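Below is one structure, written out as structure tokens; comments come after it.
The values are calculated or read from the model by the stated rules, or taken from the named source; none is laboratory data. What you are looking at is a predicted structure, and each value in this text was computed from that prediction instead of being measured. Don't worry about glycine lacking a Cβ; one is built from the backbone with ideal geometry, like all the others, and counts go over all protein chains shown. Note: areas computed on protein heavy atoms with side chains; ligands, DNA, RNA excluded. Shrake-Rupley method; radii C 1.70, N 1.55, O 1.52, S 1.80 Å.
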Amino acid sequence: MTYMGIGSILVERGVITREQLEEALTLQKQTGERLDRTLVRLGYCRQGDVLKAIGDQFDMPIVDLTDFEPEPETLGMLPAKLVYKQNCVPISRSNGTLRVATSDPFELSAFDELRLLTGTSIELVLADEEDLHRFIREHYGVAGDTLDALASSAEFNLDEQASLAAADEETKNELEQAQQASVIKLVNDLLIEAISERATDIHIEPYEGSLDIRYRVDGVLFKPSMSASIRRFRNAIISRIKIMANLNIAEKRKPQDGRINLRHKGNEYDLRVSIIPMIFGEGVVLRILDKTSVRFGLDTLGMTQQILTGWDHLIARPHGILLVTGPTGSGKSTTLYASLNRIVSEEIKAVTVEDPVEYNLSGVNQIPVNHKIGLTFAAGLRAILRHDPDVIMVGEIRDKETADAAIQASLTGHLVFSTLHTNDAPSATTRLLDMGVEPYLVASSLEGVLAQRLVRRLCPHCRKPVEIPEAPLPPEAGDDRGAWHEPGGCRECRGTGYRGRVGIFELFTVSNDIREMIMAHENAARITERAKADHLLIRLIEDGLAKARQGITTVREVMHAAAT
């Protein structure tokens, strides 16, 4: 039986067509990927279809590992190294037979090693590949095989305190340890696991008796299952990250920033590294940016048609300032990139000044800020004007100097995009005034403001309809009943009930009446009231509740995001 045989079975059962099989075979020859995985990736069949076909062909039962709890003694019958190598796990034993779950029964010769090692008969059962990987990580820990190898290594098999003291005193030892194959694999395992979990950040935090590693997924931190022995290798891990980021491994007293370029499964990832000295060692945070899968389209961000139409109208203007506001991590840069991508063409020249440049945009001239040589937002903005741009993007307006430069650029016939930290869209007007910008300059240049937040998207596989949501309904929700959903929990979402995030938006358009209020130095509350009365403001909570009614997110998520 071969992978090709599985394809034939799927064709015979009508799961896929002969044409789909031929296309998958052609692609498989280019990538070297297993045929069944190629078929699933192309969307021609589900993993469950493949699993059933393999089970029927090999006459093997299929087990669900999502709620399976094996005995520790059973798990201990196979070392972590072998479990990771063969991608199989012991789940039960009875009458001298060990039941082993696998997702790949094609390499049957590999299981002879299991029989010799355990001295028992082996019964193979099939499990979903993702479930199996998750099960192994949960019970053997992330990089469990690598940690076992390190624990038995002579270089690390020392008294912990003596080892740490030696590492602090001798940078040479740290460098040698960080270049060991096992340490390199350990760090790579940690990074790849984070990518597999769709993490946006990795936190490595040293404490007196432990080293905590946490991943941020969908805006929420969680701790993956990991052996406590990882604390013994914290110096080597951090030194390895410093080497990858071209940082000074001997410097432990000052913060350091760098970046790592990583390729995994054909995708390119840009990892922003920040290292800060703490009481019990150096803390590390890595921001993960997927350079190949990011989509810069406004219609993919979650904007409703009403907001998309209004924002499209604003970004089509020939001059003026457009601001995107919100807290750190709310997706402001992605919205700016998508907006630029929407309007840039051969007839329009766009130049940006960013700190840092997060993604490369085709057809856009991008300038990174460099404070060490005096290339600030304001200085970059003044230089940009000599390059005859039509559209300018400034990463952030942080001070009066940058605000004045941006306004002058808009008043001389340029469309200027930038970001600002405010709680809502109308507050952007008073924020600029508080910076010291003259009211007449704000009034004459500001065209519109888009405020945004990110909320967790309900997992479509397990969301539950409810008549009344758990979170109290705000007045804006009216008397709606039966139009809401709550999170469930399944293997697709790691039991959280959420998978992915979506934006909620607030669009504020500046009219002549609003300009007069800005000139009069009116406060944000008065401007908000007038904008609502004139239908110039689509509020954040209104957009969020509309998405909650559609089952995209929950009322609790909307209320939490709108309050920040």
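Details
- Long pairs among LYS254/LYS332; LYS400/LYS547; LYS332/LYS532; LYS464/LYS547; LYS85/LYS185, criterion Cα-Cα beyond 25 Å: LYS254/LYS332; LYS400/LYS547
- PHE222, PHE135, ranked by accessible area, largest first (probe 1.4 Å): PHE222, PHE135
- For the range 348-396, with +1 on Lys and Arg beta carbons and -1 on Asp and Glu, the positive-most of PRO368, ILE384, GLY395 along the dipole: ILE384
- Backbone amide hydrogens, once placed in the peptide plane, bring TRP484 within less than 5 Å of VAL466, excluding anything fewer than 5 places away on its chain.
- Amide H to amide H distances under 5 Å link ALA425 with ALA451, where only residues 5 or more positions off or on other chains count and H is placed in the peptide plane.
- Surface share of carbon and sulfur [accessible, 1.4 angstrom probe, percent] for the chain: 48
- Sorting ARG99, ARG287 by solvent-accessible area of protein heavy atoms yields ARG287, ARG99, largest first, with a 1.4 Å probe.
- Taking each residue as 0.36 nm, the span from GLU12 to PHE280 lengthens on full extension beyond its C-alpha to C-alpha distance by 90.3 nm.
- The C-alpha atoms of the chain define a longest principal axis, and helix 305-315 lies at about 60 degrees to it.
- The long axis of helix 47-58 is offset from the longest Cα principal axis of the chain by roughly 10 degrees.
- Axis angle, to the nearest 10 degrees, between helix 332-343 and the longest C-alpha principal axis of the chain: 70 degrees.
- Note on the range 472-515: with charges restricted to the Cβ of Lys and Arg (+1) and Asp and Glu (-1), its dipole about the Cα centre is near 380 debye.
- Charge context of VAL369, other residues only, Cβ under 11 angstrom, K/R +1, D/E -1: -1
- Cα→Cβ-extended label distance, 7 Å offset, between ASP56 and SER225, nm: 3.2
- Quotient of Cα Rg and 2.2 N^0.38 Å for the range 454-532, N being how many residues it contains: 1.65
- Largest accessible area first, the residues CYS490, CYS45 order themselves as CYS490, CYS45 under a 1.4 Å probe with ligands, DNA and RNA left out.
- Surface accessible to a 1.4 Å probe, per residue, for the residues of the chain, Å²: 47
- THR74 paired with GLN47, simple spin-label distance in nm, labels 7 Å along Cα-to-beta-carbon: 2.1
- Förster radius 56 Å - calculated FRET efficiency between TYR207 and LYS29 (Cβ-Cβ, nearest 0.05): 0.65
- Per-residue ellipticity at 222 nm, computed for the chain from helices alone with -39500 (n - 2.57) per DSSP H run of at least four residues, works out to -11500 deg cm²/dmol.
- Rounded accessible area of ILE213 (nearest 10 Å², 1.4 Å probe): 10
- Cα lying deepest toward the dipole's positive end in the chain, options PHE111, ALA181, GLY320, charges on Cβ: GLY320
- When cysteine pairs in the chain are screened for C-beta atoms closer than 4.7 angstrom, the residues that find no partner are CYS45, CYS88.
- The local environment of ALA546, defined by Cβ-Cβ distances under 15 Å, has a net charge of -1 under the rule Lys, Arg +1 and Asp, Glu -1.
- Area accessible to solvent at MET60, 1.4 Å probe radius, in Å²: 30
- At q = 0.06, 0.12 Å⁻¹, base-10 log of I(q)/I(0) for the chain (Debye sum, equal scatterers on each alpha carbon): -0.40, -1.28
- With DNA, RNA and ligands ignored, accessible area of ASP131 (1.4 Å probe; Å², nearest 10): 10
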